[in-house]
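The values are calculated or read from the model by the stated rules, or taken from the named source; none is laboratory data. These numbers come from a predicted model, not from an experiment. Heads up, the Cβs are rebuilt from the backbone with ideal geometry, glycines too, and the neighbour counts pull from every protein chain shown. Note: accessible area is taken over every heavy atom of the protein model, side chains too, but ligands, DNA and RNA are not part of it. Shrake-Rupley method; radii C 1.70, N 1.55, O 1.52, S 1.80 Å.
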Amino acid sequence: MAKTLKIVFDYDGIKTSTYNIADPKDGLTKAEVQAATSTMVAKDFVCSGGSLATGVKDAYIENYERIELA
């Protein structure tokens with residue numbers, strides 16, 4: 001089963017953008033994600049359509065399974 005870390009950045013409550021990171025490390029914690037994303041936002045690292053992210057709306061790991069057709 002494949003995993004993807006999804007981070008939803010907020011842009012002043014007007015719009016959001018979702019960043020996907022494949023195969024996040026096992027045991028990743030909410031605190032680790034919050035620390036990393038807080039630094040990214042503070043240093044103006046995240047931009048979408050010319051707007052800088054103002055915060056993180058959500059972050060979660062999504063599991064999915066690919067099933068080949070017969």
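Enumerate the pairs (first residue in the range 44-70 and more than 15 Å from D10 (Cβ to Cβ); second residue anywhere and open to solvent by less than 70 Å² (accessible area, probe 1.4 Å) and assigned to a loop (DSSP other than H, G, I, E, B)) with beta-carbon separation below 7 Å, excluding pairs fewer than 6 apart on the same chain, so at least 6 apart or on different chains.
Taking only residues 6 or more apart or on different chains, the pairs are I61/P24.
Do you know which residues across the range 48-60 are more than 11 Å from L5 (Cα to Cα) and touching a strand residue (DSSP E or B) at 6+ places or on another chain (Cβ under 9 Å)?
Once the filter is applied, which keeps residues that are more than 11 Å from L5 (Cα to Cα) and touching a strand residue (DSSP E or B) at 6+ places or on another chain (Cβ under 9 Å), the range 48-60 yields S48, G49, S51, L52, A53, T54, G55, V56, K57.
Suppose we filter D10, D23, D58, D44 for residues that are acidic (D, E) and more than 14 Å from the chain's Cα centre (by Cα); which single one remains?
Selected residue: D44, the only one of D10, D23, D58, D44 that is acidic (D, E) and more than 14 Å from the chain's Cα centre (by Cα).
One residue is enough: does the range 50-60 have a residue meeting the conditions at pLDDT 95 or above, charged (D, E, K, R) and surrounded by 14 or more Cβ atoms within 10 Å (Cβ to Cβ)?
Within the range 50-60, one or more residues are at pLDDT 95 or above, charged (D, E, K, R) and surrounded by 14 or more Cβ atoms within 10 Å (Cβ to Cβ).
Looking only at the range 40-54, count how many residues are farther than 12 Å from Y19 by Cβ and part of a strand (DSSP E or B).
2
Could you list, in sequence order, all residues of the range 16-30 that are outside any loop (DSSP other than H, G, I, E, B) and modelled with pLDDT under 95?
Start the filter on the range 16-30 by keeping residues that are outside any loop (DSSP other than H, G, I, E, B), which leaves 16-22, 30.
Within the range 16-30, K30 is the sole residue that qualifies.
Residues being farther than 18 Å from G55 by Cα and either among the β-branched types (V, I, T) or out of contact with any strand residue (DSSP E or B) (no Cβ under 9 Å at 6 or more places or on another chain) (or both): count how many of those fall in the range 1-20.
1
Looking at (1) of a type in the set (K, R); (2) within 23 Å of K3 (Cα to Cα); (3) surrounded by 10 or more Cβ atoms within 10 Å (Cβ to Cβ), can you tell me which one K15 breaks?
(2)
Please go through the range 19-37 and pick out each residue that is open to solvent by 70 Å² or more (accessible area, probe 1.4 Å) and not charged (D, E, K, R).
Those that are open to solvent by 70 Å² or more (accessible area, probe 1.4 Å) and not charged (D, E, K, R): Y19, N20, I21, A22, Q34.
Six or more apart or on different chains, Cβ under 9 Å: which pairs go from a residue in the range 8-24 that's closer than 19 Å to I61 by Cβ to one that's open to solvent by 70 Å² or more (accessible area, probe 1.4 Å) and among the aromatic types (F, W, Y)? Could you list them?
Close Cβ pairs (under 9 Å, with a partner that is open to solvent by 70 Å² or more (accessible area, probe 1.4 Å) and among the aromatic types (F, W, Y)) amount to V8/Y19; V8/Y60; F9/Y19.
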